[in-house]
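Trainee: Next up is a structure, given as structure tokens.
The values are calculated or read from the model by the stated rules, or taken from the named source; none is laboratory data. Just so we're clear, the structure is a prediction, and the values are computed from it rather than from any experiment. Because the Cβ atoms are built from the backbone with ideal geometry, glycine has one as well, and the counts that use them run over all protein chains shown.
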Ligand code: NAD
């Protein structure tokens with residue numbers, strides 16, 4: 001991976017949840033390219049191993065550990081392996097997250113005739129389990145690994161946590177109330193934890209990616225023939241730069257936030273990386 005600039009992370013241990021995914025996989029590669037020993041924690045050993053192998057093939061140090069960020073025992077087990085293999089954690093990226101169809105409405109607006117239409121998921125049909133799933137994955141899935149790994153970081157120079165929020169946290173997107181609420185909670189929790197940990201030297205910030213094409217959203221954004229869906233066109237019309245982001249475009253902000261030299265007094269912020277989506281009123 002070509003880095004936008006170098007940050008010295010030699011002897012640092014970085015834990016990246018969701019590190020087998022597209023966005024946080026790129027972050028894991030960048031941290032390793034800066035010299036950090038990187039632990040990839042995600043669902044499925046195969047994906048974790050594949051990312052770790054890719055990093056090792058590029059000359060970095062990495063380990064993949066199948067971990068469920070909603071299971072304290074699973075996180076604890078991963079932590080034990082990391083302590084044994086790499087030592088205590090300096091950098092935690094809370095990237096595991098996502099949406100669920102059962103927390104999503106079919107249409108953007110509710111109309112009177114929708115009430116008894118069984119082909120639609122309206123607001124009234126949203127499934128409690130689906131909403132729970134999304135809140136837990138994004139919010140608890142950020143809180144639980146922070147509880148586990150922040151213990152290593154107390155009074156450790158350069159210790160930092162970076163959470164992954166979203167555009168939904170600023171203004172909810174239509175159709176996805178659970179994901180929007182859960183990411184708003186992630187941004188809010190980032191501020192809370194930054195304050196709570198400010199006396200023990202742990203900086204806590206967040207990144208809010210705009211629209212990036214990944215496995216999770218590809219079907220929402222493109223038709224089978226590769227043409228953009230109406231939702232995709234809406235997104236591009238609302239993104240003044242008129243395009244989707246590339247995972248590599250998150251790396252400059254990531255390296256800035258993990259570097260104590262660059263951002264040592266930056267604490268409790270959430271940085272949008274969104275082609276001006278969040279700045280645009282639509283007019
Ligand atoms: P992705 O689907 O490529 O990867 C998701 C990762 O999360 C995978 O590694 C998966 O194994 C892991 N994961 C899911 N559930 C887990 C669990 N219970 N325990 C451990 N790991 C789990 O996703 P992505 O698009 O790269 O998204 C990464 C983060 O960025 C997510 O938090 C997502 O909400 C956020 N985000 C994405 C976009 C976008 O445009 N793709 C925009 C804003 C925010």
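Trainee: Can you give me the number of residues within region 121-139 that are farther than 16 Å from residue 164 by Cβ and within 16 Å of the ligand (Cβ to nearest atom)?
Mentor: Matching residues across region 121-139 total 5.
For (1) assigned to a helix (DSSP H, G or I); (2) away from the ligand (no atom under 15 Å from the Cβ); (3) within 17 Å of the chain's Cα centre (by Cα), each residue gets a yes or a no:
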{"residue": "142", "(1), (2), (3)": "yes, no, yes"}
{"residue": "145", "(1), (2), (3)": "yes, no, yes"}
{"residue": "151", "(1), (2), (3)": "yes, yes, no"}
{"residue": "162", "(1), (2), (3)": "no, no, yes"}
{"residue": "178", "(1), (2), (3)": "yes, no, yes"}
{"residue": "184", "(1), (2), (3)": "yes, no, yes"}
{"residue": "189", "(1), (2), (3)": "yes, no, yes"}
{"residue": "195", "(1), (2), (3)": "yes, yes, no"}
{"residue": "215", "(1), (2), (3)": "no, no, yes"}
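Trainee: If the requirement is being surrounded by 12 or more Cβ atoms within 10 Å (Cβ to Cβ), touching a residue at least 60 places away in the same chain (Cβ under 8 Å) and in contact with a helix residue (DSSP H, G or I) (Cβ under 7 Å, 6 or more places away or on another chain), which of these qualifies: 51, 76, 102?
Mentor: Only one candidate passes the filter, namely 76.
Trainee: For region 48-62, how many residues are within 12 Å of the ligand (Cβ to nearest atom) and more than 18 Å from residue 75 (Cα to Cα)?
Mentor: 2
Trainee: Of the residues that make up region 184-191, is at least one more than 19 Å from residue 96 (Cβ to Cβ) and at pLDDT 95 or above?
Mentor: So far as region 184-191 goes, yes, one or more of its residues are more than 19 Å from residue 96 (Cβ to Cβ) and at pLDDT 95 or above.
Trainee: Does at least one position in region 11-23 carry a residue that is part of a strand (DSSP E or B), more than 15 Å from the chain's Cα centre (by Cα) and under 19 Å from residue 92 (Cβ atoms)?
Mentor: Yes, region 11-23 contains a residue that is part of a strand (DSSP E or B), more than 15 Å from the chain's Cα centre (by Cα) and under 19 Å from residue 92 (Cβ atoms).
Trainee: Then there's this: Tell me which of these residue 267 doesn't satisfy, since it passes every other one: (1) closer than 29 Å to residue 11 by Cα; (2) buried (at least 17 other Cβ atoms within 10 Å of the Cβ); (3) within 15 Å of the ligand (Cβ to nearest atom).
Mentor: Tallying (1) closer than 29 Å to residue 11 by Cα; (2) buried (at least 17 other Cβ atoms within 10 Å of the Cβ); (3) within 15 Å of the ligand (Cβ to nearest atom), residue 267 fails exactly one: (3).
Trainee: Considering only region 27-47, state which residues are over 20 Å from residue 146 (Cβ atoms) and either surrounded by 22 or more Cβ atoms within 10 Å (Cβ to Cβ) or near the ligand (Cβ under 8 Å from one of its atoms) (or both).
Mentor: Selection gives 29, 30, 32, 34, 44, 47.
Trainee: Still on this model: Give the residue that is surrounded by the fewest Cβ atoms within 10 Å (Cβ to Cβ), with candidates limited to residues of region 54-68 that are over 16 Å from residue 24 (Cβ atoms) and touching a helix residue (DSSP H, G or I) at 6+ places or on another chain (Cβ under 9 Å).
Mentor: Top of the filtered list is 59.
Trainee: Tell me which of these residue 135 doesn't satisfy, since it passes every other one: (1) in contact with a strand residue (DSSP E or B) (Cβ under 9 Å, 6 or more places away or on another chain); (2) in a helix (DSSP H, G or I); (3) in contact (Cβ under 8 Å) with a residue 12 or more places away in the chain.
Mentor: Result: residue 135 passes all but (1).
Trainee: Could you check region 77-110 and list, in sequence order, the residues that are within 23 Å of the chain's Cα centre (by Cα), more than 13 Å from the ligand (Cβ to nearest atom), more than 30 Å from residue 36 (Cα to Cα) and in a loop (DSSP other than H, G, I, E, B)?
Mentor: 104, 105
Trainee: List, please: which pairs have Cβ atoms under 7 Å, are six or more places apart or on different chains, and start with a residue in region 155-178 that is in contact (Cβ under 8 Å) with a residue 40 or more places away in the chain and within 24 Å of residue 267 (Cα to Cα) and end with one that is in a strand (DSSP E or B) and away from the ligand (no atom under 12 Å from the Cβ)?
Mentor: Qualifying pairs under 7 Å: 160/91; 160/203; 161/92; 161/204; 162/205.
Trainee: Could you say whether any residue in region 243-251 is within 17 Å of residue 278 (Cα to Cα) and part of a helix (DSSP H, G or I)?
Mentor: yes
Trainee: Name the single residue, out of those in region 197-213 being touching a strand residue (DSSP E or B) at 6+ places or on another chain (Cβ under 6 Å) and not in a loop (DSSP other than H, G, I, E, B), that is farthest from the ligand (Cβ to nearest atom).
Mentor: Going through the qualifying residues, I end up with 203.
Trainee: Can you go through 220, 254 and tell me which one is modelled with pLDDT under 95 and part of a helix (DSSP H, G or I)?
Mentor: 220
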